1. So which pairs qualify, if the first residue must be in the stretch 167-193 and closer than 23 Å to Y132 by Cβ and free of Cβ contacts under 8 Å to residues at least 24 places away in the same chain, the second must be assigned to a helix (DSSP H, G or I) and not aromatic (F, W, Y), the Cβ gap must be under 7 Å, and the two must be at least 6 apart or on different chains?
2. Out of the residues in the stretch 367-387 meeting the condition of being more than 18 Å from A234 (Cα to Cα) and in a helix (DSSP H, G or I), tell me which one is nearest to the chain's Cα centre (by Cα).
3. Show the residue pairs meeting these rules: Cβ distance below 7 Å; 6+ apart or different chains; first residue within the stretch 11-38 and surrounded by fewer than 24 Cβ atoms within 10 Å (Cβ to Cβ); second residue not in a helix (DSSP H, G or I) and not β-branched (V, I, T).
4. If we scan the stretch 300-310, do we find a residue that is crowded, with 22+ Cβ neighbours inside 10 Å and touching a residue at least 60 places away in the same chain (Cβ under 8 Å)?
5. Of the residues I313, I323, I352, I356, only one is assigned to a loop (DSSP other than H, G, I, E, B) and either among the aliphatic types (A, V, I, L, M) or farther than 23 Å from L380 by Cβ (or both); which?
6. So which residues in the stretch 14-47 are touching a helix residue (DSSP H, G or I) at 6+ places or on another chain (Cβ under 6 Å) and outside any helix (DSSP H, G or I)?
7. Please work out if A263 is assigned to a helix (DSSP H, G or I) and more than 12 Å from I323 (Cα to Cα).
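The values are calculated or read from the model by the stated rules, or taken from the named source; none is laboratory data. Just so it is clear, the structure is predicted and the values come from calculations on it, not from any experiment. We place every Cβ from the backbone using ideal geometry, glycine too, and count neighbours over all the protein chains shown.
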Amino acid sequence: MQEPMERVITSKWVLPIIVVSQFFCTSLWFAGNAIMPDILQRFQLDPGFLAHLTSVIQFGFITGTLVFALLAIADRFSPSRVFFVCSLLAGLFNLGIALPGVQPTGILFFRFLTGFFLAGIYPVGMKIASDYFQKGLGKSLGFLVGALVLGTAFPHLLKSITTHFPWVYVVYLTSILSVLGGLAIWLFVPDGPFRKAGQQLIFREFLSGFKSRNFRAAAFGYFGHMWELYAFWAFVPVMLASYANRYPAAGLNISFLSFLIIASGSLACVGSGYLSGYFGAKKVATSSLVLSCLCCLVSPFFLSRPSPSAFIIFLFFWGVVVIADSPLFSTLVAQNAPERSRGTSLTLVNCIGFSITIISIQLINLLSGSIDGQYVYMTLALGPVVGLLALLKKRTSSGV
């Protein structure tokens, strides 16, 4: 009797549970960014600390994904247990930035460790989903990446609604959510029916996916997408604050608008997942990348335009198209990765993609001090251009 009941629970509830858990756990990602004004005020820091705070959690995630990929953690061990353990550790280290007496270097250290264990949450969550859903994977990953987007935006909402409370409340709430998300996976989502466990550690499997031309095309499309994505997310509050300083009469609520602009991408991920079922993942991803590239190029016009409504609408549109292709690239990578090392391939591609985000974030930070801020975001178009070149190469018989 137990086994049939388990199958019913799994088939009906597994995707919603993974989605909610991913949302809860990834709320840790931008928890530091949401409380950045409080950190800057407390330690009298330069606004450039934002780039360092964002980059260090990215660097932690990169280090974690590299370790997880080299050791094939998601393929050798139960992905559900890996997710659970990492959710606890990430939530614990997130609390570190609220410790009494913590200094800026300590904040960076704890954000690094939080990012390290997020490597056992985001790509492992995709691995769990791919072990359950081979048909309709694009739609499933659309919900999953949508949860990541909503989780990334959520600390800005928490900050907006806890304005009259100490900033540490944002830290406490996101850590609690992470623990709850990990528990949900551990208790209700066993290893999927399509999981093929790799029992041995074989280092030559580490780069095996890149032997496939289709895999390489999908991976490079994803890398170009990542050049733009996290830099956009990190600097949305900066764009809003800069506009508010230039046009004070606009009366912008920066935290709430940051949440809405980033969170709008969650609907785009779900929508693109459904569209991929009709038009194909590659075609929808390519269209999204073209549109986000155009947003980068025309950004100076809207960032300087004395029309708050046009400015906000533009940022919402950019927030939608900048992320709509993300679940589709993950789908293409998963579909073209070797079955034996799918978890490792997903983790490795995440590792490289997030490495690229550090470069773009630091480049924007560097250029902001030397050129007019309204022009600096045009450099984000470099990533989509590279991604489009990879995607528009002659398709092979297996068809990326």
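1. Close Cβ pairs satisfying both conditions: none exist.
2. Checked the stretch 367-387; the qualifying residue nearest to the chain's Cα centre (by Cα) is G387.
3. Between residues of the stretch 11-38 that are surrounded by fewer than 24 Cβ atoms within 10 Å (Cβ to Cβ) and residues that are not in a helix (DSSP H, G or I) and not β-branched (V, I, T), the close pairs are D38/W167.
4. no
5. On the way: I313 fails: assigned to a loop (DSSP other than H, G, I, E, B); I352 fails: assigned to a loop (DSSP other than H, G, I, E, B); I356 fails: assigned to a loop (DSSP other than H, G, I, E, B).
Sole residue among the options that is assigned to a loop (DSSP other than H, G, I, E, B) and either among the aliphatic types (A, V, I, L, M) or farther than 23 Å from L380 by Cβ (or both): I323.
6. S27, L28, W29, F30, I35
7. On the way: assigned to a helix (DSSP H, G or I): yes; more than 12 Å from I323 (Cα to Cα): no.
For A263, the condition - assigned to a helix (DSSP H, G or I) and more than 12 Å from I323 (Cα to Cα) - is not met.
Here's the yes/no breakdown for (1) buried (at least 24 other Cβ atoms within 10 Å of the Cβ); (2) outside any helix (DSSP H, G or I); (3) free of Cβ contacts under 8 Å to residues at least 40 places away in the same chain; (4) among the polar types (S, T, N, Q):
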| residue | (1), (2), (3), (4) |
| --- | --- |
| A90 | yes, no, no, no |
| G96 | no, no, yes, no |
| L108 | no, no, no, no |
| L141 | yes, no, no, no |
| L148 | yes, no, no, no |
